[in-house]
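Engineer: Pasting in a structure now, in structure tokens, and then I'll have a few things to ask.
The values are calculated or read from the model by the stated rules, or taken from the named source; none is laboratory data. Since this is a predicted model, take the numbers as computed values, not measurements. Here the Cβ positions follow ideal geometry from the backbone for every residue, glycine too, while neighbour counts run over all protein chains shown.
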Amino acid sequence: MRAMDPAQKYPALSDLKAACKARVPWFVWEYLDSATGSESVKPRNRAALERVLFRPAILRGPIAPDLTTRFLGQDYAMPVGVAPVGMSGLIWPGAEAALARMAQARRIPYSLSTVATQTPETIGPVAGDMGWFQLYPPKDPSIRADILTRARNAGFRVLVLTVDLPGPSRRERQLRAQLAIPPKVTPSMLWQVAQRPAWGLGTLRAGTPRLRLMEEYLKLDGNAPSTAHPGYLLRAAPDWDYLRAVRDMWDGPLVIKGVLDPEDAPRLRAEGADAIWVSNHGGRQFDGALAALDALQDIRASVGPDMPLIYDGGVESGLDVLRALALGANFTMLGRGWHYALGALGAGGADHLATLLQDDLIANMVQMGATRPEQVATQLAPRQDRRDEM
């Protein structure tokens, strides 16, 4: 009997998300899907995206969209990439390599987290020229220098400095799930794993998920909660001097991730940032944060038309990508989405999601008569919540 085409069984990211929940252990799901506090930021991100509407175009004749995007001196197949996700290999065995391999094949950027389960030396050659490295700022300058040197030597071209974590968040769902980093085996955990054999067998082959890079600088006994793992314990609360030090050490493109205040953006540009990443960390840090999309337009206005901006927060489709581009982004990223896809379908899930995003981008651009992604801004309908401002 022929297996069902994934495009029929999983035609949307929501289908992949539901399948992922059914295939990974509960403690893994709580790690991937959770935010902090009442988790109000996640629906806030979605609501902001859904308020952005367009006028469809008519009588434009045949439309052949071109998704290729030049960003930070590199050509990408579409304006979508893989955001960094800590402990990616916990969510699905071999996640970092699978996503890096997909990104290289699809010609989209892949961002490796400082707190990934694999080292830069392992993943850099897989990602090739699509590799970005995300830095959680270490307190120790010598550790910072060593990590940056290793990332550069492993082939990573773009550095992403995350600045929106001055301290750990509580992430209550993860606390209730009793998740430790690295995972501490308990009877409850064993029972959860037994109910998800594909994840369990894959993890058995791949080995216990560990923060391999950070553990080289700090050893733990395995009893640290997920919000007090080596990455947190080594991390600094960076300031502007820290940013200058990183800028001086990194000779490639530097992206500053976690920006929501338009007053910060011009100074970041002046201090040498090559791009600003507008993000509220998917609601995982601060439950009182505004929707990232609501910050995007103000940040664009504050830096002018030429500063490269990246957007993430609630993106679930090609249409959402176009919404962000229409409001001022040059590029978009997904984090959880790629991992929902891995959990649903294994390594092949990432490629399937890339196809879904690509096809949805094309379908919606045709509706708007756009041959290039940036052209959809001309089809924006007035936002209902901003009519009084016009």
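Engineer: Just need a number here: residues in segment 328-356 that are closer than 30 Å to residue 300 by Cα and under 16 Å from the mean Cα position of the chain (by Cα).
Structural biologist: Of the residues in that region, 13 qualify.
Engineer: Among the residues of segment 241-253 satisfying the criterion of being outside any helix (DSSP H, G or I) and in contact with a strand residue (DSSP E or B) (Cβ under 7 Å, 6 or more places away or on another chain), which is surrounded by the most Cβ atoms within 10 Å (Cβ to Cβ)?
Structural biologist: 250
Engineer: Going through 234, 254 one at a time, which residue ends up being farther than 25 Å from residue 313 by Cβ, of a type in the set (A, V, I, L, M, F, W, C) and either modelled with pLDDT of 95 or more or in contact with a helix residue (DSSP H, G or I) (Cβ under 8 Å, 6 or more places away or on another chain) (or both)?
Structural biologist: Only one candidate passes the filter, namely 234.
Engineer: For residue 378, only one of the following conditions fails: (1) within 20 Å of residue 81 (Cβ to Cβ); (2) among the hydroxyl-bearing types (Ser, Thr, Tyr); (3) assigned to a helix (DSSP H, G or I). What is its number?
Structural biologist: Result: residue 378 passes all but (1).
Engineer: Tally time: how many residues in segment 103-115 are of a type in the set (Ser, Thr, Tyr), assigned to a loop (DSSP other than H, G, I, E, B) and within 17 Å of residue 72 (Cβ to Cβ)?
Structural biologist: 0
Engineer: List every residue pair whose Cβ atoms lie under 6 Å apart, where the two residues are 6 or more positions apart in sequence or sit on different chains, the first residue falls within segment 303-327 and is closer than 16 Å to residue 78 by Cβ, and the second residue, located anywhere, is of a type in the set (Ser, Thr, Tyr) and buried (at least 23 other Cβ atoms within 10 Å of the Cβ).
Structural biologist: Short answer, once both residue conditions are applied: 311/332; 312/279; 315/332; 321/332; 324/311; 324/332.
Engineer: Another question, then. Among the residues of segment 254-268, count how many are surrounded by fewer than 21 Cβ atoms within 10 Å (Cβ to Cβ) and either in contact with a Cys (Cβ under 8 Å, 6 or more places away or on another chain) or assigned to a loop (DSSP other than H, G, I, E, B) (or both).
Structural biologist: Matching residues across segment 254-268 total 4.
Engineer: Another question, then. Could you check, for segment 282-298, whether at least one of its residues is within 14 Å of the chain's Cα centre (by Cα) and modelled with pLDDT of 95 or more?
Structural biologist: yes
Engineer: Take the residues of segment 35-87 that are under 17 Å from the mean Cα position of the chain (by Cα) and of a type in the set (Lys, Arg): which is farthest from residue 335 (Cα to Cα)?
Structural biologist: In this case the residue turns out to be 46.
Engineer: Further, regarding this structure: Within segment 1-40, track down each residue that is at pLDDT 95 or above, in a loop (DSSP other than H, G, I, E, B) and either under 22 Å from residue 183 (Cβ atoms) or not small (Gly, Ala, Ser) (or both).
Structural biologist: Answer for segment 1-40, where residues must be at pLDDT 95 or above, in a loop (DSSP other than H, G, I, E, B) and either under 22 Å from residue 183 (Cβ atoms) or not small (Gly, Ala, Ser) (or both): 10, 11, 24, 25.
Engineer: For segment 59-98, how many residues meet the condition of being without any contact (Cβ under 8 Å) to a residue 24 or more places away in the chain and more than 20 Å from residue 311 (Cβ to Cβ)?
Structural biologist: 3
Engineer: Here is a list of conditions, (1) surrounded by fewer than 19 Cβ atoms within 10 Å (Cβ to Cβ); (2) in contact with a helix residue (DSSP H, G or I) (Cβ under 8 Å, 6 or more places away or on another chain); (3) in a helix (DSSP H, G or I); (4) of a type in the set (S, T, N, Q), and residue 371 meets all of them except one; can you say which number that is?
Structural biologist: Residue 371 satisfies every listed condition except (3).
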